[in-house]
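Worksheet: the structure to be examined is printed underneath.
The values are calculated or read from the model by the stated rules, or taken from the named source; none is laboratory data. The shown structure was predicted, so the numbers you read here are calculated from the model rather than taken from an experiment. Heads up, the Cβs are rebuilt from the backbone with ideal geometry, glycines too, and the neighbour counts pull from every protein chain shown. Side chains are part of the model used for accessible areas, which takes the heavy atoms of the whole protein and leaves out ligands, DNA and RNA. Shrake-Rupley method; radii C 1.70, N 1.55, O 1.52, S 1.80 Å.
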Amino acid sequence: QVQLVESGGGLVQPGGSLRLSCAVSGSIFSIYHMDWYRQAPGKQRELVAAVRSGGSTNYADSVKGRFAISRDNTKNMAYLQMNSLKPEDTAVYYCHAHRAAYDYWGQGTQVTVSS
(Lines give C-alpha, C1' and ligand atoms only; values in the text may rest on other atoms or scores of the structure.)
Protein backbone atom coordinates (compact mmCIF):
# COMPACT_ATOMS: atom_id res chain seq x y z
CA GLN A 1 0.00 0.00 0.00
CA VAL A 2 1.41 3.37 -1.00
CA GLN A 3 1.28 6.05 1.67
CA LEU A 4 1.88 9.77 1.32
CA VAL A 5 2.50 11.95 4.37
CA GLU A 6 2.72 15.74 4.06
CA SER A 7 4.42 18.03 6.56
CA GLY A 8 5.64 21.59 6.82
CA GLY A 9 2.40 23.55 6.84
CA GLY A 10 1.63 26.27 9.32
CA LEU A 11 0.89 29.93 9.86
CA VAL A 12 3.06 32.46 8.08
CA GLN A 13 2.86 36.19 7.47
CA PRO A 14 2.35 37.61 3.98
CA GLY A 15 5.66 37.68 2.15
CA GLY A 16 6.99 34.75 4.14
CA SER A 17 8.11 31.30 3.07
CA LEU A 18 7.27 27.69 3.84
CA ARG A 19 8.61 24.40 2.57
CA LEU A 20 6.19 21.49 2.32
CA SER A 21 7.45 17.94 2.28
CA CYS A 22 5.80 14.73 1.10
CA ALA A 23 7.17 11.39 2.23
CA VAL A 24 6.19 8.43 0.05
CA SER A 25 6.41 4.83 1.18
CA GLY A 26 5.27 1.46 -0.07
CA SER A 27 6.35 1.57 -3.69
CA ILE A 28 9.04 2.59 -6.14
CA PHE A 29 8.91 6.35 -5.76
CA SER A 30 10.87 7.22 -8.88
CA ILE A 31 8.22 5.93 -11.29
CA TYR A 32 5.48 8.25 -10.04
CA HIS A 33 4.62 11.69 -11.25
CA MET A 34 4.23 13.95 -8.22
CA ASP A 35 1.88 16.89 -7.83
CA TRP A 36 0.89 19.40 -5.19
CA TYR A 37 -2.76 20.45 -5.10
CA ARG A 38 -4.52 22.86 -2.80
CA GLN A 39 -8.09 23.44 -1.69
CA ALA A 40 -9.31 26.62 -0.07
CA PRO A 41 -12.60 26.76 1.85
CA GLY A 42 -15.54 26.80 -0.53
CA LYS A 43 -13.36 26.25 -3.58
CA GLN A 44 -12.45 23.31 -5.77
CA ARG A 45 -9.15 21.53 -5.41
CA GLU A 46 -6.64 22.95 -7.86
CA LEU A 47 -3.29 21.86 -9.21
CA VAL A 48 -0.46 24.03 -7.91
CA ALA A 49 2.66 22.35 -9.25
CA ALA A 50 3.75 19.09 -10.84
CA VAL A 51 7.00 17.24 -11.37
CA ARG A 52 7.03 14.24 -13.65
CA SER A 53 9.09 11.12 -13.08
CA GLY A 54 11.61 12.44 -15.60
CA GLY A 55 11.96 15.73 -13.74
CA SER A 56 10.05 18.20 -15.90
CA THR A 57 7.91 20.66 -13.99
CA ASN A 58 4.91 22.89 -14.50
CA TYR A 59 3.07 25.40 -12.35
CA ALA A 60 -0.25 27.13 -12.01
CA ASP A 61 -0.05 30.70 -13.28
CA SER A 62 -0.92 32.00 -9.82
CA VAL A 63 2.28 30.58 -8.28
CA LYS A 64 4.81 30.87 -11.11
CA GLY A 65 7.96 32.58 -9.94
CA ARG A 66 7.06 32.10 -6.27
CA PHE A 67 6.78 28.33 -5.78
CA ALA A 68 9.22 25.58 -6.72
CA ILE A 69 8.49 21.86 -6.80
CA SER A 70 11.25 19.30 -6.51
CA ARG A 71 11.81 15.64 -5.79
CA ASP A 72 14.56 13.51 -4.29
CA ASN A 73 14.30 9.96 -5.58
CA THR A 74 17.01 8.80 -3.18
CA LYS A 75 14.86 9.81 -0.21
CA ASN A 76 11.38 9.10 -1.64
CA MET A 77 10.48 12.73 -1.03
CA ALA A 78 8.73 15.52 -2.90
CA TYR A 79 8.90 19.16 -1.87
CA LEU A 80 7.13 22.43 -2.49
CA GLN A 81 9.11 25.56 -1.67
CA MET A 82 6.71 28.48 -1.31
CA ASN A 83 8.07 32.03 -1.27
CA SER A 84 6.42 35.44 -1.25
CA LEU A 85 3.29 33.91 0.20
CA LYS A 86 0.00 35.76 -0.14
CA PRO A 87 -3.23 35.48 1.85
CA GLU A 88 -4.84 33.88 -1.20
CA ASP A 89 -2.38 30.99 -0.89
CA THR A 90 -4.22 29.92 2.28
CA ALA A 91 -5.50 26.38 1.74
CA VAL A 92 -5.02 22.75 2.60
CA TYR A 93 -2.17 21.45 0.46
CA TYR A 94 -2.22 17.87 -0.76
CA CYS A 95 0.51 15.68 -2.18
CA HIS A 96 -0.50 13.43 -5.08
CA ALA A 97 1.35 10.53 -6.69
CA HIS A 98 0.13 9.00 -9.93
CA ARG A 99 1.08 6.85 -12.87
CA ALA A 100 -1.23 5.02 -15.27
CA ALA A 101 -4.07 3.52 -13.21
CA TYR A 102 -2.34 4.23 -9.92
CA ASP A 103 -3.42 7.30 -7.98
CA TYR A 104 -2.59 8.18 -4.36
CA TRP A 105 -3.25 11.16 -2.08
CA GLY A 106 -1.89 12.38 1.20
CA GLN A 107 -4.04 13.63 4.06
CA GLY A 108 -3.18 17.29 3.51
CA THR A 109 -1.40 20.00 5.47
CA GLN A 110 -2.86 23.40 6.32
CA VAL A 111 -1.12 26.54 5.12
CA THR A 112 -2.43 29.83 6.49
CA VAL A 113 -1.04 33.15 5.30
CA SER A 114 -2.15 35.94 7.58
CA SER A 115 -0.81 38.89 9.52
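Remarks
- Surface share of carbon and sulfur [accessible, 1.4 angstrom probe, percent] for the chain: 48
- Entry comment: accessible area of the chain is 52 Å² per residue, from protein heavy atoms only and a probe of 1.4 Å.
- Global form of region 1-87, assessed from the alpha-carbon gyration tensor, a/c cut-off 1.5: prolate
- Amide H contacts under 5 Å for V48, placed H, 5+ residues apart: W36, Y37, R38
- Student exercise, the chain dipole from Lys, Arg, Asp, Glu Cβ charges, in Debye to nearest 20: 140
- DSSP-loop trypsin sites (Lys or Arg not before Pro) across region 35-96, with at most 16 other Cβ within 10 angstrom: K43, R45, R52, K64, R66, K75
- Listed by chain and number, the lysines whose C-alpha is less than 18 Å from the C-alpha of K43, apart from same-chain residues fewer than 8 away, are K86.
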